[in-house]
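*Asks:* Mind having a look at this structure? Questions to follow.
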Amino acid sequence: MRQILSIVIALLAITAPALAECKGQNLIADLSPQAQTALRAEAAKQPFAVGNLWLATKGAEKITLVGTYHFDDPRHATTLAALAPVLAKAKVLLVEAGPKEQESLKARMADDPSLIVNTDGPTLAEVLAPEDWQHLRAAASARGVPSFMVAKFRPWYVSVLLAMPPCSMDLAAMPEGLDSQLIKAASARDLPVEALEPYDTLFSIFGGMSQPEQIDMITSALALEDKSADMAVTLADAYFAEEGRLIWEFSKLQSLQLPGFTPERVEREFAVMEKLMMNDRNQSWIPVITAAAAKGPVLVAFGALHLSGDQGVLKLLQDDGYTITRLSLTP
C-alpha cells in the first residue's frame with residue numbers, strides 16, 4: 001500500500017515538510033505516448049477526474065471547493081490569487097483540520113505517545129525479516145531518524161515516513177501546503193476556520209489496520225524506495241496540471257511492478273484504501289458542508305483526491321441536487 005500512502009500524504013490529509021528541494025523525474029512523462037493516453041483514459045472513467053477548483057450551487061447556496069496539495073510549492077501562489085475573491089465573500093473556511101484540531105492533535109500525541117510508538121510489543125527489528133530491517137534502518141537514517149527510534153514506531157507511521165522522500169525531510173522547513181496557506185489567509189481576514197472531521201480521524205483509520213497489513217505497507221514502501229523522489233515530482237506535476245485522478249491510476253500501474261502484486265491484489269488494496277481514506281470520509285463531510293452553505297457562501301479546501309470518483313465530494317453534492325461547475329485557476 002506504499003504507493004497509496006504517498007498519494008494520501010500529499011493529496012489527502014497529512015501535512016509534511018516542503019518538497020521544493022526534491023530533484024527527480026516525472027515518471028508519467030517518461031511513459032510512451034500510447035501508455036500516457038491509456039492512463040488518462042482510465043482516469044477519465046471517474047466523474048470529475050480533472051480539475052482542482054469547483055463551484056457547487058443549489059438555489060441561493062454557493063460552495064467553492066478546492067482540491068489541495070499538502071506540501072509547499074511556489075505554484076500555490078496562482079491558486080491563492082484565484083481564491084482571494086472567494087475568501088473575501090465567504091462566511092467560513094472549511095478544512096480537514098483547522099488550528100484547533102492541530103493543537104488538539106499535538107496535545108493528544110504529547111499525552112499518549114502510544115499513538116505512534118509501540119510501547120509494549122515487539123520492535124520492528126524483531127518483526128521484520130533481517131534484510132528488510134537493514135533496508136529500513138538505511139532508509140530511516142537517510143531521513144534523519146535513528147534506528148532505535150524507528151524500531152519503536154507503529155508500522156503504519158513508518159510507512160508514512162517512508163512515503164516522504166529524503167529530499168523532503170528538511171526539518172527546519174515549515175509546512176506550507178495550500179491548506180496551511182489558506183488558513184493563514186482566512187485568519188488575516190478574521191474569517192472563521194472550521195474542521196470537516198475530528199482531529200483523530202486518520203489515527204483511527206490507520207490504527208484499525210491489522211499488524212500484518214501494516215507490515216505489508218512497510219515492505220511495499222521499501223521495494224520502491226529508490227523511486228521516492230521521482231514519485232514526489234510526478235505527484236506534484238500531476239496535481240498542478242489538475243490531474244489528481246491520474247496519479248491514482250499511475251500508482252496502480254507502479255504497484256503492479258512490485259513482487260507478488262497481482263492485478264487482483266492491487267485492485268483489492270486500492271479499493272480498501274479508497275474506501276477508508278476517501279469514500280467514508282467524503283460521505284461524513286457532506287452534512288458539514290451543506291450545513292455551512294445554508295448560512296452563506298463557503299470555501300471548502302481538502303485533499304484533491306477527494307474531488308473525483310463515484311463517491312467523491314463533487315458527485316455526492318451533485319447527487320444531493322447541487323449544480324457542479326469547474327472554475328479556472330488562472331486569471
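*Asks:* If you take the residues in the stretch 115-131 that are modelled with pLDDT under 85 and loosely packed, with under 12 Cβ neighbours inside 10 Å, which one is nearest to residue 148 (Cα to Cα)?
*Replies:* Per the criteria, the residue is 119.
*Asks:* What is the one condition in (1) surrounded by fewer than 17 Cβ atoms within 10 Å (Cβ to Cβ); (2) of a type outside the set (S, T, N, Q); (3) more than 21 Å from residue 192 (Cβ to Cβ) that residue 84 does not satisfy?
*Replies:* Among (1) surrounded by fewer than 17 Cβ atoms within 10 Å (Cβ to Cβ); (2) of a type outside the set (S, T, N, Q); (3) more than 21 Å from residue 192 (Cβ to Cβ), the lone unmet condition for residue 84 is (3).
Let's see how each residue does on (1) of a type in the set (A, V, I, L, M, F, W, C); (2) crowded, with 23+ Cβ neighbours inside 10 Å:
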{"residue": "236", "(1), (2)": "yes, no"}
{"residue": "242", "(1), (2)": "no, no"}
{"residue": "256", "(1), (2)": "yes, no"}
{"residue": "260", "(1), (2)": "no, no"}
{"residue": "263", "(1), (2)": "no, no"}
{"residue": "276", "(1), (2)": "yes, no"}
{"residue": "280", "(1), (2)": "no, no"}
{"residue": "293", "(1), (2)": "yes, yes"}
{"residue": "310", "(1), (2)": "no, no"}
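*Asks:* For residue 81, work out the one condition from (1) out of contact with any Pro (no Cβ under 9 Å at 6 or more places or on another chain); (2) within 30 Å of residue 296 (Cα to Cα) it doesn't fulfil.
*Replies:* Result: residue 81 fails condition (1) only.
*Asks:* Give the residue, chosen from 187, 204, that is at pLDDT below 90, within 18 Å of residue 101 (Cβ to Cβ), surrounded by fewer than 17 Cβ atoms within 10 Å (Cβ to Cβ) and hydroxyl-bearing (Ser, Thr, Tyr). Give the derivation first.
*Replies:* Values: 187 fails: at pLDDT below 90.
None of the others qualify; the one that does is 204.
*Asks:* Hey, which of the helices (runs of 4 or more DSSP H) in the stretch 241-318, taking only ones fully inside, have at least 3 residues that are farther than 26 Å from residue 193 by Cβ and at pLDDT below 85?
*Replies:* Values: elements: 244-255, 263-273, 280-293.
Correct list: 263-273.
*Asks:* What number goes with the only condition from (1) under 14 Å from the mean Cα position of the chain (by Cα); (2) crowded, with 20+ Cβ neighbours inside 10 Å that residue 196 does not pass?
*Replies:* Checking residue 196 against (1) under 14 Å from the mean Cα position of the chain (by Cα); (2) crowded, with 20+ Cβ neighbours inside 10 Å, the one that fails is (1).
The values are calculated or read from the model by the stated rules, or taken from the named source; none is laboratory data. Keep in mind that this is a model prediction, so the values were computed, not measured. Note that each Cβ is placed from the backbone with ideal geometry, even for glycine, and that neighbours are counted across all protein chains shown.
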